[in-house]
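Here the structure comes first, spelled out in structure tokens, and everything after it is commentary.
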Amino acid sequence: MRNQRTEVALLERAERPHERAAEQPTSREPRWRPLSRTHKILFAVTAVAYATVIVAVFTTSRLVALDWEVMAFKPYMHWPAVLNFLNYYVIAGQRGPSAIVVSAWLTWRCWRQKSWRPLLVLGVSLVLLNMSVGAVKIATGRLGPHYAHVYGSNEIFLGGGIFPSGHTANAVVTWGIVAYLATRWRRIGALLAGWMGFSIGLTTLYLGTHWTTDVLAGWAAGALVLLALPLFEPVVESTDERMRQVWRERRFLRGRKPDSVSVTLPKARDLDHQNKRSIPIGY
């Protein structure tokens, strides 16, 4: 009897494969794929380049001598015809104006995708940029070319805030978000981001507002922020889901009408008919 019962149970279980599949533990896939090997190599190379520039400034190496040579050359005096134009063009590297322009495009993307992710990515990138670049600025305290004291010195620990170049790093990050979030025109976005970061850095050298090492460090700092963004995608995704859920709940509550009780009063003709039926015949 036991053997027969066992065989019957096995046959019943074989006929219900969905229950057998439900009993097996399912492995939860990660929301985002890990970084590729190429991505890790780029991140490591950029970090090493950034650290190399910082060490070169602290040790007053040959790069610091190059800083003074470019400053003494004074490019704005050799090519004064483009001075007025570049004074306005450098505004594209400032955080406020560039963020406003990019935010307008990202807001349109949010509306098209029904998602807050584009604006959240921009917010995360700007926070990372402020924290990383701001910390190095405060730690170095470097003065700019217009306020330099001793020829050939690195001008650090003097209360300045010029290293690395904030204009350059911000141009790399803010316009780099365009390429990072682009889907259809990604190559054009990458070209735009590369041109803006490169040209804004050279513009600060032309105007004499930054040292050469400031620009080199700004390029590296901005690239590190862009390369680090995929690590924060799980946070962006979870925040986006919560914000969309809150938005759906608010829309539901706003569109919901209060319950109302409607009472339909009977007509006078119906009341007369009911009264006649309720009167006895012998009355």
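Right, residue 95: over 22 Å from the mean Cα position of the chain (by Cα), under 20 Å from residue 216 (Cα atoms) and open to solvent by 60 Å² or more (accessible area, probe 1.4 Å) or not? Here the answer is no, as residue 95 does not meet what is asked. Check whether at least one residue in the range 209-220 is open to solvent by 70 Å² or more (accessible area, probe 1.4 Å) and either more than 24 Å from residue 101 (Cα to Cα) or of a type in the set (A, V, I, L, M) (or both), and report yes or no. For the range 209-220, residues open to solvent by 70 Å² or more (accessible area, probe 1.4 Å) and either more than 24 Å from residue 101 (Cα to Cα) or of a type in the set (A, V, I, L, M) (or both): absent.
Just one of the numbered conditions (1) closer than 22 Å to residue 172 by Cα; (2) modelled with pLDDT of 90 or more is not true of residue 109: (2).
Checking each residue in the range 178-192 for being of a type in the set (Lys, Arg) and either surrounded by 12 or more Cβ atoms within 10 Å (Cβ to Cβ) or not in a helix (DSSP H, G or I) (or both) picks out 184, 186.
Within the range 152-176, the set of residues being under 15 Å from residue 96 (Cα atoms) and either open to solvent by less than 50 Å² (accessible area, probe 1.4 Å) or free of Cβ contacts under 8 Å to residues at least 60 places away in the same chain (or both) comprises 166, 168, 169, 170, 171, 172, 173, 174, 175.
The values are calculated or read from the model by the stated rules, or taken from the named source; none is laboratory data. What you are looking at is a predicted structure, and each value in this text was computed from that prediction instead of being measured. Counting neighbours? That spans all protein chains shown, and the Cβs are built from the backbone with ideal geometry, glycine included. Side chains included, ligands, DNA and RNA excluded: accessible areas come from the protein's heavy atoms. Shrake-Rupley method; radii C 1.70, N 1.55, O 1.52, S 1.80 Å.
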